[in-house]
Amino acid sequence: MAYPFIASPHVTRTTGRAVDVVVVHTMEAPERADTAEAVARWFARADSRVSAHYCVDADSIVQCVHEDDIAWHARGGNERSIGIELAGYAGQGPRGWDDDYSWSVLERSAILTAEICRRHDIPARRLRAPDLRMRRRGVTGHADVSEAFRRTDHWDPGPAFPWRRFLRLVRMRLALGGDVVERSTQA
Ligand SMILES: [Zn+2]
């Protein structure tokens, strides 16, 4: 499905590429209704020098980079990945990920991740650093990219990120099939 687009100039253009990995980030920005829009506008600024393909908050998804282009979100792992930024903090504990706002972010992000997985035939499984170094395909966190390639020290989405819950939501969406997913996102 097509999302509002706020273009970031911080991309490496390609004429088509293989996408093997979805990288999950947290925005490290307050949980507000317009957080996705605000972070997308930051990625659009000339001086930010960073980007991601999608920004997700509790009530919206904004796209910033076309999936064929390489976004600058996880140094060492950008070339074959799609980066999605979730409203929240890497420092959130289990309770922080269990409030209404975060549930909405996780559900919305899961719909998006399922769409990406379907589009690029990526398995909805968690990849850790050794998997990334072996060029396996799946879903991972910025922290895992940092550990795998040692090009950054970013540790988002943090140790309390509810991976099992998130991937269960992604698999549920995949099981529902394409048009069901698109219809339910209109609700
Ligand atoms: Zn990150």
### Task
May I ask you to list pairs of residues, at least six apart or on different chains, whose Cβ atoms are under 6 Å apart, with the first in region 160-187 being crowded, with 17+ Cβ neighbours inside 10 Å and the second being at pLDDT below 75 and aliphatic (A, V, I, L, M)?
Arg173/Val181
### Matching residues, region 113-163, being within 16 Å of the ligand (Cβ to nearest atom) and aliphatic (A, V, I, L, M)
Leu127, Ala129, Leu132, Val139, Ala143, Val145, Ala148, Ala160
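Conditions (1) within 19 Å of Arg165 (Cα to Cα); (2) surrounded by 17 or more Cβ atoms within 10 Å (Cβ to Cβ); (3) of a type in the set (S, T, N, Q); (4) away from the ligand (no atom under 11 Å from the Cβ), marked per residue:
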residue: Tyr54; (1), (2), (3), (4): no, yes, no, yes
residue: Ile61; (1), (2), (3), (4): no, yes, no, yes
residue: His66; (1), (2), (3), (4): no, no, no, yes
residue: His73; (1), (2), (3), (4): no, yes, no, no
residue: Gly76; (1), (2), (3), (4): no, no, no, yes
residue: Arg80; (1), (2), (3), (4): no, no, no, yes
residue: Ile84; (1), (2), (3), (4): yes, yes, no, no
residue: Gln92; (1), (2), (3), (4): yes, yes, yes, yes
residue: Trp97; (1), (2), (3), (4): yes, yes, no, yes
### Task
Return yes or no: is Gly88 at pLDDT 95 or above and more than 28 Å from Gly16 (Cβ to Cβ)?
yes
### Query
Scanning region 26-38 for residues that are among the aliphatic types (A, V, I, L, M) and either open to solvent by less than 20 Å² (accessible area, probe 1.4 Å) or within 15 Å of the ligand (Cβ to nearest atom) (or both), which turns out modelled with the lowest pLDDT?
Ala29
### Message
So, in region 39-52, how many residues would count as being surrounded by 24 or more Cβ atoms within 10 Å (Cβ to Cβ) and in contact with a Ser or Thr (Cβ under 6 Å, 6 or more places away or on another chain)?
### Response
2
### Message
Report every pair of residues separated by at least 6 positions or lying on different chains whose Cβ atoms are under 7 Å apart, first residue within region 73-93 and more than 16 Å from Arg151 (Cα to Cα), second β-branched (Val, Ile, Thr) and open to solvent by 30 Å² or more (accessible area, probe 1.4 Å).
### Response
none
### Message
Against the condition outside any strand (DSSP E or B), open to solvent by 10 Å² or more (accessible area, probe 1.4 Å) and modelled with pLDDT of 95 or more, how does Trp155 come out, does it pass?
### Response
yes
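The values are calculated or read from the model by the stated rules, or taken from the named source; none is laboratory data. All of these numbers come straight from a predicted model, not from anything done at the bench. Methodologically, a virtual Cβ is constructed for each residue, glycine included, from the backbone with ideal geometry; neighbour enumeration extends over all protein chains shown. Calculation scope for accessible area: heavy atoms of the full protein, side chains included, ligands and nucleic acids excluded. Shrake-Rupley method; radii C 1.70, N 1.55, O 1.52, S 1.80 Å.
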